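Notes for the one structure printed next.
The values are calculated or read from the model by the stated rules, or taken from the named source; none is laboratory data. In this text, all values refer to a predicted model and were calculated from it rather than measured experimentally. Backbone-built Cβ (ideal geometry, glycine too); neighbour counts: all protein chains shown. Note: areas computed on protein heavy atoms with side chains; ligands, DNA, RNA excluded. Shrake-Rupley method; radii C 1.70, N 1.55, O 1.52, S 1.80 Å.
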Amino acid sequence: MTEIRDISKSPSTAVGLLARLKGLWREVARADGDEMPSLSPDLPDSDMDGLRRQMRACLAARGGEVSARGRAAALGRAYLSLSGVGRIRFLRLLAVEFGPDRDALDRAAQTLMAAAPEGRFKAELALKSALEPPRLKLLTQFNALPEGVKFLVDLRAELMRATASEPALASLESDLRGLLTSWFDVGFLVLERITWRSPAAVLEKIMAYEAVHAIQGWDDLKNRLDSDRRLYAFFHPRMPDEPLIFVEVALVEDMAGNVQDLLDPSAPLGDVEAADTAIFYSINNAQKGLAGISFGNFLIKRVVDDLSREFKQIKTFATLSPIPGFRRWLDDKLVTGEPGLLTAAEHKALTRASGGLGAKGSLKALLSEPDWITEQTLAEALEAPLTRLAARYLTAEKRSNGQALDPVAHFHLSNGARVERINWMADLSPNGLVQSSGVMVNYLYDLDHIEANHEAYSATGKAAMSGRVKALLKG
């Protein structure tokens with residue numbers, strides 16, 4: 001599997017969703033017979049009282065279900081009509097004025113602290129009720145609207161972007177994350193295999209959301225859905241046409257070592273009956289608003305189960321993954337000039353290889369050469385240090401909490417995978433060269449050792465690795 005990417009919808013998709021929601025919710029709002037007045041795009045102070053009244057009306061829950069849905073739809077349409085500035089003001093109002101009642105919260109906390117044992121349970125319930133902010137009830141009302149869940153997912157994406165400059169929105173973002181976490185529990189998700197006969201709306205979104213290895217049109221997509229490939233996605237019942245996360249799999253003989261071969265549209269069709277390996281070569285989180293709500297690990301396990309049932313002969317499950325932070329980490333090391341970064345043999349080989357280019361023999365200088373991948377002697381000299389340093393980066397470089405520094409490595413290691421093989425010249429795309437100088441890695445999911453690997457990594461941060469990776473680290 002390649003890098004796990006969080007991507008927001010494309011501009012064209014965003015415009016389409018916006019127009020569709022406005023139309024859908026206009027009819028729902030009219031059912032209430034009392035649409036709220038239009039707001040100016042930047043939501044000036046003169047419009048705030050009207051917006052405040054609409055929010056309170058939503059919370060008051062007067063009338064029946066139809067009226068409640070109409071008020072929520074009118075409020076949602078008002079939000080969609082605002083500019084970026086207006087939306088921030090809208091969200092700030094919701095966060096600040098519709099949070100928990102602090103006086104009631106203080107009283108409930110004091111009552112709990114003073115409660116006798118027989119009254120403690122009642123006091124705990126009162127405190128729990130006081131902690132629940134009115135804005136949470138308001139947000140929940142969107143669940144009943146057409147595409148309301150998708151609206152809330154996208155709303156959280158906007159909140160996540162805004163909290164950096166608007167700290168007051170952090171509590172609202174946290175409330176919405178908790179709500180979505182409960183709604184998107186893996187038990188509610190549906191795993192579907194995507195085929196060429198899947199709905200066109202879903203296929204178009206797969207093409208738009210693929211951010212690791214861009215899909216170059218319909219022929220490329222068809223190639224990725226051929227008989228020697230599989231593509232699986234998780235869906236939520238309230239978002240049936242929106243993939244949440246999807247994974248692309250190649251059924252091959254032996255472990256794949258470069259992505260060029262996997263993506264080559266002219267390559268002959270593979271024989272699935274002879275395939276002994278399933279290579280996960282791309283996984284994409286398609287909904288930015290669901291960031292931090294993890295179900296990628298469940299996707300892998302479900303797909304492994306499905307493939308194991310369909311192809312009894314496939315025994316090897318591995319990824320072909322990028323190393324997105326490798327060059328950034330390496331460049332930092334080169335700037336600081338870490339002593340002993342290269343071995344004596346590596347330094348000697350680079351100096352000798354650089355002679356014909358008139359370049360200095362330093363790793364930093366050689367990597368800055370625009371055509372180094374086409375100079376065979378230089379590329380051969382760079383292989384040893386770059387693959388060794390990539391292995392070090394993946395297995396030994398840690399965050400302060402003990403997790404692997406590389407986010408993709410952390411994902412797979414925490415799922416119980418093993419760093420199996422470092423692959424040279426594995427991704428020669430512009431993105432692959434920028435991220436990792438073309439180096440990729442295979443993570444192996446050995447079904448007999450997944451749990452032990454997961455427990456060791458979770459407890460100590462120790463990365464499981466193959467003998468060949470251990471040997472590579474020794475130089």
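Between a residue in the stretch 142-165 that is free of Cβ contacts under 8 Å to residues at least 60 places away in the same chain and any residue that is open to solvent by 10 Å² or more (accessible area, probe 1.4 Å) and among the charged types (D, E, K, R), which pairs come within a Cβ distance under 6 Å, given they are 6 or more apart or on different chains?
Filtered contacts from the stretch 142-165: Thr163/Glu173.
Confirm whether Ser81 is loosely packed, with under 12 Cβ neighbours inside 10 Å and modelled with pLDDT of 85 or more.
The answer is no for Ser81.
Against the condition of a type outside the set (Lys, Arg) and at pLDDT 90 or above, how does Gly64 come out, does it pass?
Values: of a type outside the set (Lys, Arg): yes; at pLDDT 90 or above: no.
When the stated conditions are applied, Gly64 does not pass them.
Just a yes or no: is a residue in the stretch 305-314 within 21 Å of Tyr443 (Cα to Cα), open to solvent by 10 Å² or more (accessible area, probe 1.4 Å) and touching a Phe, Trp or Tyr at 6+ places or on another chain (Cβ under 9 Å)?
There is at least one residue in the stretch 305-314 that is within 21 Å of Tyr443 (Cα to Cα), open to solvent by 10 Å² or more (accessible area, probe 1.4 Å) and touching a Phe, Trp or Tyr at 6+ places or on another chain (Cβ under 9 Å).
If I go through the stretch 153-178 residue by residue, how many of them are of a type in the set (A, V, I, L, M), in contact with a helix residue (DSSP H, G or I) (Cβ under 6 Å, 6 or more places away or on another chain) and farther than 16 Å from Ala286 by Cα?
So the answer is 6.
For the stretch 380-401, check the following and say yes or no: at least one residue is touching a Pro at 6+ places or on another chain (Cβ under 8 Å) and among the β-branched types (Val, Ile, Thr).
No; the residues of the stretch 380-401 include none that is touching a Pro at 6+ places or on another chain (Cβ under 8 Å) and among the β-branched types (Val, Ile, Thr).
Would you call Asp254 modelled with pLDDT under 95 and under 26 Å from the mean Cα position of the chain (by Cα)?
No, not satisfied.
Among the residues of the stretch 46-77, count how many are under 16 Å from Asp154 (Cα atoms) and open to solvent by 10 Å² or more (accessible area, probe 1.4 Å).
Counting residues in the stretch 46-77 that are under 16 Å from Asp154 (Cα atoms) and open to solvent by 10 Å² or more (accessible area, probe 1.4 Å) gives 1.
Out of Arg302, Arg309, I need the residue that is without any contact (Cβ under 8 Å) to a residue 24 or more places away in the chain and within 30 Å of Trp183 (Cα to Cα). Which one? Walk me through how you get there before you give the answer.
Working: Arg302 fails: without any contact (Cβ under 8 Å) to a residue 24 or more places away in the chain.
The unique qualifying residue is Arg309.
Being buried (at least 23 other Cβ atoms within 10 Å of the Cβ), in contact (Cβ under 8 Å) with a residue 60 or more places away in the chain and in a loop (DSSP other than H, G, I, E, B) narrows it down to one residue among Ala426, Ala390; which is it?
Matching residue, one of Ala426, Ala390: Ala426.
Go through (1) touching a Leu at 6+ places or on another chain (Cβ under 6 Å); (2) open to solvent by 10 Å² or more (accessible area, probe 1.4 Å); (3) closer than 15 Å to Ala426 by Cβ for Glu383 and report which single condition fails.
Failed condition: (1).
From (1) on the phi < 0 side of the Ramachandran plot; (2) in contact with a Gly (Cβ under 9 Å, 6 or more places away or on another chain); (3) surrounded by 21 or more Cβ atoms within 10 Å (Cβ to Cβ); (4) touching a residue at least 40 places away in the same chain (Cβ under 8 Å), pick out the condition that doesn't hold for Val419.
Among (1) on the phi < 0 side of the Ramachandran plot; (2) in contact with a Gly (Cβ under 9 Å, 6 or more places away or on another chain); (3) surrounded by 21 or more Cβ atoms within 10 Å (Cβ to Cβ); (4) touching a residue at least 40 places away in the same chain (Cβ under 8 Å), Val419 violates only (2).
Go through the stretch 429-455 and give me each residue that's in a helix (DSSP H, G or I) and open to solvent by less than 20 Å² (accessible area, probe 1.4 Å).
Of all residues in the stretch 429-455, those in a helix (DSSP H, G or I) come to 430-436, 450-455.
Gly432, Ser436 - these are the residues of the stretch 429-455 that are in a helix (DSSP H, G or I) and open to solvent by less than 20 Å² (accessible area, probe 1.4 Å).
Quickly run through the stretch 456-467 and pick out the residues that are among the aliphatic types (A, V, I, L, M) and either within 25 Å of Ile314 (Cβ to Cβ) or open to solvent by less than 10 Å² (accessible area, probe 1.4 Å) (or both).
Step one: list which residues in the stretch 456-467 are among the aliphatic types (A, V, I, L, M), which gives 456, 459, 463-465.
Result: Ala463, Ala464, Met465.
Suppose we filter the stretch 249-264 for residues that are surrounded by 12 or more Cβ atoms within 10 Å (Cβ to Cβ) and more than 14 Å from Ala318 (Cβ to Cβ); how many remain?
3
So for the stretch 151-160 (the condition being small (Gly, Ala, Ser), at pLDDT below 95, in a loop (DSSP other than H, G, I, E, B) and surrounded by 15 or more Cβ atoms within 10 Å (Cβ to Cβ)), does at least one residue qualify?
no
So, Arg177, is that one more than 16 Å from the chain's Cα centre (by Cα) and within 29 Å of Pro134 (Cβ to Cβ) or not?
Criteria not met by Arg177.
I'd like the residue in the stretch 161-187 that is open to solvent by 50 Å² or more (accessible area, probe 1.4 Å) and not in a helix (DSSP H, G or I) and, out of all such residues, is farthest from Arg302 (Cα to Cα).
My answer is Ser165.
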